[in-house]
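Here's the structure we're looking at; comments come further down.
The values are calculated or read from the model by the stated rules, or taken from the named source; none is laboratory data. In this text the structure is predicted, and so the values were computed from the model without any measurement. Cβ atoms come from the backbone with ideal geometry, glycine included; neighbour counts cover every protein chain shown. Ligands, DNA and RNA are excluded from the accessible area calculation, which covers all protein heavy atoms including side chains. Shrake-Rupley method; radii C 1.70, N 1.55, O 1.52, S 1.80 Å.
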Amino acid sequence: QFLSGHPFFAYGTIILGGAYSIWRAPRKPFPPGYLAGLAFQWSVTLVWFAAIAAVQILPFYETSKISSRSGGLAFERATMFSETPAQLAIFIFVPVWNWFNGDVTGDPTIVGFYTGVIALFLSLVYLFRRRNGVKWFWLSSFAAVLVLSLGSSLPGYRYILEWMPGLKYMRFPGQWLFLAAFILGLAASAGLETLHNSRLKSGLIALVAIELFLFSVKSPLGTVHREFFHLKSIWPE
């Protein structure tokens with residue numbers, strides 16, 4: 001949150017959490033105390049989110065309400081670092097993609113998205129072996145955040161910016177992928193849980209660690225050159 005510059009991550013998580021609450025809601029009539037318990041849980045959750053985002057709430061409010069951006073960002077600004085469909089597919093499916101081509105469209109620290117083919121495999125294990133209905137929620141949410149990350153590459157994204165409250169003040173559609181990474185991690189751990197062979201589990205965990213280590217060896221994600229911290233290299237005279 002301190003490094004993000006705005007409360008986007010709290011914003012996205014609240015949306016996912018709200019959708020999950022709606023999905024898990026029982027059919028009417030609600031059980032006694034259900035709505036009161038739900039209201040209490042969400043009150044506590046929102047207080048925690050406000051505390052996490054506190055360092056940016058005031059400047060974000062000033063930017064969105066008082067400055068010249070009070071009507072929202074221009075479409076070109078709001079869709080900076082949008083994913084392209086081809087690049088998104090590469091990030092999901094190609095292992096250690098950057099060993100073959102380190103060039104990405106946009107800032108790699110924002111548009112980069114890779115959890116590993118082993119994690120993807122375990123997510124598919126969860127999808128096909130678990131029979132609970134909640135897996136369809138996670139699958140739908142995963143698809144939704146991938147679509148939202150396309151930004152300007154998505155026809156009609158301009159209307160999504162206007163329809164989703166507060167979204168028109170946010171930049172970088174690629175940041176939606178942090179929810180995709182969370183969902184894949186959750187699904188992968190649930191898929192691992194369905195396996196009963198302890199040696200197989202240990203082997204898959206080791207493979208995940210090895211794969212991510214090999215990815216990080218040449219990963220441009222999070223890599224900042226020393227010159228970045230010198231103003232002259234950013235704003236040449």
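List of remarks:
- Each residue, ALA86 and ALA19, gets one label point 7 Å from its Cα in the Cβ direction; the gap between the two is 2.8 nm.
- Extension gain, SER189 back to TRP163 (0.36 nm per residue minus Cα-Cα distance, nm): 6.0 nm
- FRET efficiency, ILE210 to TRP48 (Cβ-Cβ, R0 30 Å, nearest 0.05): 0.25
- Average accessible area per residue (Å²) across the range 110-167 - probe 1.4 Å, nucleic acids and ligands excluded: 52 Å²
- Scoring 30-43, 51-64 by mean Cβ neighbours within 10 Å over their residues and listing the highest first yields 51-64, 30-43.
- Solvent-accessible area, 1.4 Å probe, carbon plus sulfur percent, for the range 101-204: 61 percent
- Distance from the alpha carbon centroid of the range 195-212 to that of the range 106-176 works out to 26 angstrom.
- Accessible-area value, ARG77, 1.4 Å probe, nucleic acids and ligands omitted, Å²: 100 Å²
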